[in-house]
Structure formats: structure tokens, C-alpha cells
1. For the range B:182-195, indicate whether the set of residues that are of a type in the set (Gly, Ala, Ser), out of contact with any Gly (no Cβ under 6 Å at 6 or more places or on another chain) and closer than 30 Å to A:ASN238 by Cα is non-empty.
2. Go through A:PRO330, A:PRO334, A:PRO280, A:PRO303 for me and flag whichever is of a type outside the set (Asp, Glu), more than 30 Å from B:PHE137 (Cα to Cα) and free of Cβ contacts under 8 Å to residues at least 40 places away in the same chain.
3. Go through the range B:141-157 and give me each residue that's buried (at least 17 other Cβ atoms within 10 Å of the Cβ) and over 14 Å from the mean Cα position of the chain (by Cα).
4. Inspect all residues belonging to the range A:277-295 and state whether any of them is under 24 Å from A:ARG153 (Cα atoms) and either assigned to a helix (DSSP H, G or I) or modelled with pLDDT of 95 or more (or both).
5. Taking the range A:121-137, which residues are over 16 Å from the mean Cα position of the chain (by Cα) and either over 25 Å from A:TYR311 (Cα atoms) or buried (at least 20 other Cβ atoms within 10 Å of the Cβ) (or both)?
6. Which of the residues belonging to the range B:130-154 are facing another protein chain (nearest Cβ under 8 Å) and without any contact (Cβ under 8 Å) to a residue 12 or more places away in the chain?
7. Which residues, taken from the range B:219-234, are within 11 Å of another protein chain (Cβ to nearest Cβ), within 18 Å of B:VAL13 (Cα to Cα) and surrounded by 24 or more Cβ atoms within 10 Å (Cβ to Cβ)?
8. Filter the range A:354-381 for residues that are aliphatic (A, V, I, L, M) and under 21 Å from A:THR301 (Cα atoms) and give the result.
Amino acid sequence: MRQALVRLLGKWLVSAAIATAPVTSHAAGELTVGALFGMTGPSASYGDQQSKGVDIAFAEINGAGGAGGTILKLKIEDHGGVALKGVLALNKLASVDKVPFVFTSFTNIISATASIGTRDKIVMLNGGGTAPTLAGLSPYLFSNVPLENYHIRNEATYANKKLGRKTLGILYVNDALGTADSKTMEQTWKDLGGQVVATQAAATDATDFTGQLTQIWAKKPDAIYIAAGGQQVATALNQKTELGITSQILGTSFWTIPEVLHSAKGASEGVIFSTQQWDPARPSSADAKKFVEAFQAKYGTQPLGNSAAYYAGAHILGDVITALNQAKKPITGPNIREELLHHGTFQTIFGPLNFAPDGTSSMPLTLMTVKNDAFVPVANQ
Amino acid sequence: MDQALQLLVDGLVEGGRIALVAVGFSLIYSVTRTLHLAHGAILTVAAYLVWWVTAKLGGGLAGGFAVAAIAVVLLGVAHNDLLYRRIREASPGGFMIVVASLATGIIIQNLAGIVFGFDTKDVRTATIGQATAGLRFGPVVLPATNLITLAVTLAVFAVLGWLLMRTRTGKQMRAVQDNPQLARVVGIRTPRVYAVTFAIGSLVSMPAAFFIGLNGGLNTTIGFDAMLLALIVVFAGGIGSLMGTLLASFAVGVLQTMSLLVIDSRWQDTVTFSVLLLLVTLRPRGLLGKLA
């Protein structure tokens, strides 16, 4: 009787362990992955675009029978741009939903949640956070977008060498991304022989930049670099225009958002920023064209860079799951990580992509500007 | 020098926005002794209604402000009549009112998000169009929206000052503020005065959230965020002093921008709040002391 009880208990424990392990977090032939997106708050447009990119990709993958037979499902958790909410969201995805993989976004969210991903062996694929400090932050963190240091060098070189701007003012939002971007730009600009004449910070929830812009404009810099995103970009650009500031404005890679075109209508004309090569009006490949058409058919508008980045990320996940299924390996965080590192080249709508051991990736960049209320590559002006 | 002048004007505009939030809160607190923290959330609803009527219904700015005015008056009076009055009767002392006010403020804020969406609304483009170069007064540039903000702020304080000093309703409000028991003895109906105070207090602050949204976009938290500064300004200016509230608001605004001349902008809030702390420590009654 006692032995039978022990055997029963043993079986129950084994069953319970299997039931709670991430490897069996999905039904056979179906995989739920998580997403940490900013769906509310001042940066909600990022989450909206990012989720749409994943949505289109998953529809394509599942429509073709799944990734090696596995149907992909997405569970979105909102971080609202707030680090604490991001931590709660990833903990929930880890402990309740037991996902082996999440799409993640925003530098401050990634910085706050990276240790959770490491602890629970959840692969975090970032298509939106771009601070240089994200490189090597966790063995489970991968970025399928170039980090901001690549973009800063790209646009700073253009502004300094090609446009002949020599003095620079910097306005940054005092968060993890803004601080890292500001420091990187300052060093890069100096390396190029330029002079940084003014640097001003603004609070993370700032809605008024006139004081900082006034201080910067007092030095009459040839160019002003604004390290901010979401509605804050539009606010800063509008206030720049109202104050009559005529410096060349340089932005960040995450400026391909509706706010720059619509909320800062007129004020954003002529800004220059670097981003991964993406021009929905002129798709560079058949896959890119297919994505643009599918996006336009479903949402009635052209996909911006943010949607494209997460579309590419979702297809990278699809390729990884397909490879694991073909190799008959269980779909776990560690196996996804190994496959990302050793898969070789991923073919994306931005071009070929390889992950470095520190989780970063590089790809061709392009300089964008705003002309007649539309994002246009600088070369196509 | 030019730079300092520009920062001074920018600071006055910022002070105007703070003053508009603070004035209604100050009036309500000084007359009814109610720490009406939901004031900020009610103002947020007003801004959403202005945006919604203007951008979505095509009712124009005037239509938007008319709808918002009705809504804030109803919400303010409802808070007093349906919530605070019962708590005052059941639990004198005020602490439960703070809890209730905080709770309804958060509920209203979240309901606004559910109804209008949690994304940031572009108030500027929807209501007044794209940004244009500001008006130039010598070395100072003043955007039209900032000029209007200042003008509305001063007009609101002037009208409220007149109302309190010159009208029968205002005199009754001041009487209740000085001594509610005595006011009752001489025949003033204090419940009515409370209701009128909530209505006027909500109404005079109504433009605040709109101007804040116009400046930096509208989201569900802007009213509550603005309340933090307004709360401090009301106490720093002196409870019951309209002029004190106005002066303290301008002082905070100017301090925030002028401090950029001498310190790193990352220390802006530290300097502002240190000076305010110093003020309330050295002068606990605030800058000025009595209503108007």
C-alpha cells in the first residue's frame, strides 16, 4: 500500500513537472508566444504598429500550414512604456502562459526585464529598442534591428561631412534610451571633428521642451539632435517651429511613426534620421512587396518601419520553429536561442540578417527625411 | 539677456497652465475644506470632450468647450452631492474624502481611457492646426497658443476675483470659508454654497487640461500629473488666496525655466521642489494668506 502510494505520488509529481515545464507550454502543433508591447500611453502607436507587423506574419505562416506544422499564436501584454508594468507582464507570460519566446520592445522595458528572460530561459526578440547598451544584456536577448550607435554614426556622418554642419545641440529625454543615445551622439560628433555646444535633458514625461530648446538655440547650433520618441517628438518639433529655430534637426531610428507626420505636420519637414532600409513605396524585394500589399489590404495604410521590423522578427521566429521541428527538437527557450545563434543567415524584408554572439545584428541602413508629409529616403528627395 | 527674457516668458506660460489647474482646486479647498483630488481627472475628461466634439463630431472648439463645461460642472457637483457630503456627515475629519477622491479620480481616468482610447490624442492638429512660427516681441518669441494661455489665465483669475468680491454668491462663499457655522446662523445655505463652489471650481479650471493637451498631447494621466504641482502651488501660495495661487504658479513656472540658466536641466525639478519646500518651511501659511 505504502509503495503504491509512493509510486502514485511519483507519477503525479512527474506529470506535474511535465505540465509546468516550458517545453510543454503549448499543445501539440500549436505554440503560444508572448509580446511585450506598449499598447497604451504616450507611446501606444508603437505597440499598435508592432502588433500589426506580427499579426500579418503569423497569418502568412499559419496560412501556409504553420512553422513546420506548428501554428503560431500571439499573447500580447501591455507595458504602457512603464518598466514596472513590463516586469509584471513578463512574469505573467513566464509563470502563467509559460511561453518560451517573447517579442519585446522599448529600451527601458528590455533593460528591466532582461534578467527575467535569462532566469526563465525565455528568448526575447527585440525589434524596437535600440539603445547601444542592449548589446550583450542577456544571453537570451536578440535584436533584429540595428542598435542606435549604427544609426547615429550614419546620420552624424551625413550631417557633418555631407551637409557641413559643425556645431550640434542635443535634446534628450532622461531615460535609459535617451541618455545612452545622447552620450553616443556626443562622442560620435566629436570623433567626426564637430563641436557639441549645448546638451539639455527633459523629464521622461515632459510635455514642454521650450526651456531646453531656448537654451540650445541660444548657442545657434548648425544641427540639433533630438533623442525622444512618440508624442514627445511631435511636441518638441512643434515647439521648435514655434520658437523659430532653423537648425537642421536630426532624429532617431524610431521616428517612423505617425506622430512625426501628423502631430508634427509641417514642423517635421526636412528632419533627417537613420533607419533600417525600409521604403514601403518602393519595396526592395518580392517578400517586402507581399508584406506591403497584405498590410495595406488589412489596415488600409502602408506599413511603417516599426511594423516591418516585427514582421521580419515574426518570420525569423517562424524559420526557427520550422528548423526545430525538422530536427525534431522540443520547442524550448534554450533550443530557440541555439537555433538563432547557429541558424546562419535569415532572409528578411530588410535583407540578409545574422545574429552576433551578443545578440545584436547589422543590416543596411538608410537616411530618411520628411517631405510633403511623407517619409522619404534622403537619396530619393 | 535675450535668452533670460525668453525663458522668463516661457516660465510665465508654464505658470499659467499650472495656475489654471490650481485655481479651481484652491477655490474648492478653501471654501469647502475638501481635498478634491479627482479635480485633475475631471479636467482630463473636459479635454477629451473638447477634442472629441471638435475632431470627431465636427462641432467646433466652441461646441467642444460648451459640452465640456456642462460635463465638468455635473461631475464636480455630483462628487460633492453624491460622495463627499455623505462622507462628511459620516466621517468628519477629511481623510476618507481624500481616499474617496483619489479612487474616483482613478476610476474616471480609466473610464476616459476605455471610452476614448489610451493612446495619446493629437489635440493641436485636431483643433487649431499645425504649428507655426510664434509672434516676435523684440528678442522674445511667443507662440499664439502661449499668448492665449496667458490671456485666459489672467481672465479667469480676474473674473473669479470679481465674482468673489462683488457678487452675492461670492460673498456667501467667503462667509462659508471664514466660518461655516456662523454662515449657517445668518441664513446662508451652506449645502447650496458647496454645490456652487464645486460647479465654479470645476468650470474655471476647465481650460487647463485642454491647454496642457494642446502643448504636449492628450492622454489619460495629464490631469493627475498636473494636480501634483497644483496641489503644492495652492499650499505654497496660501490657502484661500487667489493672488497667492497665481503668484506661486508663476513663480514655479519661472523657476523651472530660469533655473536652466545656471543648472543642468536634469536638476530642474529638484531645484523647484527644494525652493517650494523652503518656502513652506519658512512660511507655513504660504506666500499670501486669505481668499482674494
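1. Within the range B:182-195, the subset of a type in the set (Gly, Ala, Ser) is B:183, B:187, B:195.
After this cut, where a residue has to be out of contact with any Gly (no Cβ under 6 Å at 6 or more places or on another chain) as well, the list is B:183, B:187, B:195.
Add one more test, that the residue is closer than 30 Å to A:ASN238 by Cα, and what stays is none.
Checking the range B:182-195: not a single residue is of a type in the set (Gly, Ala, Ser), out of contact with any Gly (no Cβ under 6 Å at 6 or more places or on another chain) and closer than 30 Å to A:ASN238 by Cα.
2. Testing whether each residue is of a type outside the set (Asp, Glu), more than 30 Å from B:PHE137 (Cα to Cα) and free of Cβ contacts under 8 Å to residues at least 40 places away in the same chain leaves just A:PRO280.
3. Once the filter is applied, which keeps residues that are buried (at least 17 other Cβ atoms within 10 Å of the Cβ) and over 14 Å from the mean Cα position of the chain (by Cα), the range B:141-157 yields B:VAL141, B:LEU142, B:PRO143, B:THR145, B:ASN146.
4. No, because not a single residue in the range A:277-295 is under 24 Å from A:ARG153 (Cα atoms) and either assigned to a helix (DSSP H, G or I) or modelled with pLDDT of 95 or more (or both).
5. A:ILE122
6. Listed by number, the residues that qualify are B:GLN130, B:ALA133, B:ARG136.
7. B:ILE222, B:ALA226
8. Within the range A:354-381, A:MET368, A:VAL370, A:ALA374, A:VAL376 qualify.
The values are calculated or read from the model by the stated rules, or taken from the named source; none is laboratory data. Treat the numbers as computed from the prediction; the structure is a model and nothing was measured. Every residue, glycine as well, gets a Cβ built from its backbone with ideal geometry; the counts of neighbours run over all protein chains shown.
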